[in-house]
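All remarks here apply to the structure that follows.
Laboratory data are not the source of any read-out in this text; all were calculated from the coordinates shown. Note that this is a predicted model, so its numbers are computed, not measured. Using ideal geometry, Cβ is built from the backbone for each residue, glycine included, and neighbour counts are taken over all protein chains shown.
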Amino acid sequence: MFLGCSAFDRHEKNPQGYYEEHFWSCGPKALEKAFSALNEKATRKDISKTIQAQPRPFIELLSFFDKDAVQITWPKDVKRVAKKYGYEIISIKDFDQLDPKKDVALVLIYTDLDNYHWLCFPVDKNIPEYWGKNTKISKIYILKKI
């Protein structure tokens, strides 16, 4: 079986057992922005640790083929973090339903199979056109205090 260079060029966990590359990835960044907009204190490092505290065997497997897979934040991770901080997730389909005066949302965009990115509405601007006309919206999660 040929694994390529990625099998030998992997991100390592820090002494506490966390992938530090995930601390600075788009999922924790978008969640940090959202919580800040909601006047919550949550750092991307703490958010990432919450995400990484759960077993992530598929991430481990993917990292053999692409070392940057350790930066992935799945929608279920976002939901778990929101719940931990006392928020429910309301999923909507249409970006135009968001109200910049009252809504804070996490938006997962993509252009192709391996190009996904989390953003925070209304903090991040021009979300539907983030990557130009090829930008597609996968998920929109409004955060509401429980």
**Most fluctuating residue given options SER63, SER25, SER48, as computed from a GNM of the chain linking Cα atoms under 10 Å** = SER63
**Asked** What trypsin sites (Lys or Arg not before Pro) in region 66-132 are in a loop by DSSP, with at most 15 other Cβ atoms within 10 Å of the Cβ?
**Response** LYS93, LYS101, LYS102, LYS125
**Message:** At a threshold of 8 angstrom on Cα-Cα distance, excluding pairs fewer than six apart, so keeping six or more, what relative contact order does region 31-146 reach in percent?
**Reply:** 28 percent
**Request:** For LYS139, enumerate residues with amide H under 5 Å from its amide H, sequence gap 5+ or separate chain, H modeled in the peptide plane.
**Result:** LEU108
**Fill in**
the chain, Gaussian network, Cα under 10 Å: of GLU88, GLU12, GLU20, the residue fluctuating most is GLU12
**Prompt:** Could you state the principal axis extents of the C-alpha atoms in region 20-145, from the largest down, to the nearest angstrom?
**Reply:** 42, 35, 20
**Complete:** Ranked by GNM mean-square fluctuation in the chain (Cα springs under 10 Å), the top entry among LEU31, LEU98, LEU106 is LEU98
**Request:** In whole Hz, with x marking every Gly and Pro, tabulate ³J(HN,Hα) for region 29-46 from phi via Karplus 6.51 cos²θ - 1.76 cosθ + 1.60, θ = phi - 60°.
**Result:** 4, 5, 5, 4, 4, 5, 5, 4, 5, 9, 6, 9, 9, 7, 8, 4, 5, 5
**Prompt:** Once the Cα atoms of helix 75-84 and of the chain are each reduced to a long axis, what angle between those two axes, in degrees from 0 to 90 to the nearest 10, is obtained?
**Reply:** 60 degrees
